[in-house]
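A quick write-up on the structure given underneath.
The values are calculated or read from the model by the stated rules, or taken from the named source; none is laboratory data. Note that this is a predicted model, so its numbers are computed, not measured. These area figures cover heavy atoms from the full protein model, side chains too; ligands, DNA and RNA do not enter into them. Shrake-Rupley method; radii C 1.70, N 1.55, O 1.52, S 1.80 Å.
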Amino acid sequence: MGWINKIRTIVFVSVLAVVTSCTVSYKFNGASIDYSQTKSIQIAEFPIRSSYVWGPMGPLFNNQLKDQFADHTRLELVKRNGDLKLEGEITRYEQRNKSVSAEGYSAMTELSMTVNVRFTNNKNHNEDFEEQFTASQSYETTQSLNSVQEELVTKMVKDLCDQIFNRAVANW
């Protein structure tokens with residue numbers, strides 16, 4: 001009986017040694033960038049060109065977009081002559097009725113934000129694009145827009161910045 005326990009111990013230690021020596025390392029930062037060629041990004045301030053505006057949304061969007069690239073890439077943010085360049089404008093910010101209650105009144109309202117983006121890759125112009133990105137969030141009509149606006153705009157800005165980041169540098 002003692003030799004069976006010794007064999008079990010030897011087998012267990014051997015399996016443990018094999019398992020711990022075979023580790024897989026996978027790092028994913030969301031970006032497919034050749035850092036040997038592409039070292040910098042220029043992100044212009046996106047002005048608001050929408051007729052309906054919530055004051056803080058411009059700075060909120062501009063800061064989040066810069067943070068997105070700073071947090072997920074090793075690119076240096078420069079004021080001019082970047083290897084990559086992002087520019088554009090916030091073109092729409094609007095709300096509309098999304099659903100109606102049984103009584104015929106609005107039950108849900110959808111808030112949406114659209115950004116027009118021009119991306120230039122000065123190292124590979126085949127990747128240049130101009131595209132519009134839209135994000136939306138809904139809220140119950142019983143709530144006032146003022147009470148939910150900051151939270152909803154913050155979520156839309158995060159979504160927009162994710163979309164722009166993925167389109168610009170996450171080539172997967």
Taking the convex hull of the Cα atoms, report for region 80-160 its projected area averaged over all directions, in nm². 6.7 nm²
Solvent-accessible surface (1.4 angstrom probe) belonging to S40, in square angstrom, nearest 10: 10 Å²
Within straight cross-link reach of K39, meaning Cα distance under 19 Å, which aspartates and glutamates are found once same-chain residues fewer than 8 apart are removed? D67, D71, E76, D83, E87, E127, D128
Please say if region 28-172 is rounded, prolate or oblate, where rounded means a/c under 1.5 for a ≥ b ≥ c the square roots of the C-alpha gyration tensor eigenvalues, and otherwise the choice is prolate for a/b larger than b/c and oblate otherwise? prolate
Give me the 1.4 Å probe accessible area per residue for region 53-122, excluding ligands and nucleic acids, in Å². 53 Å²
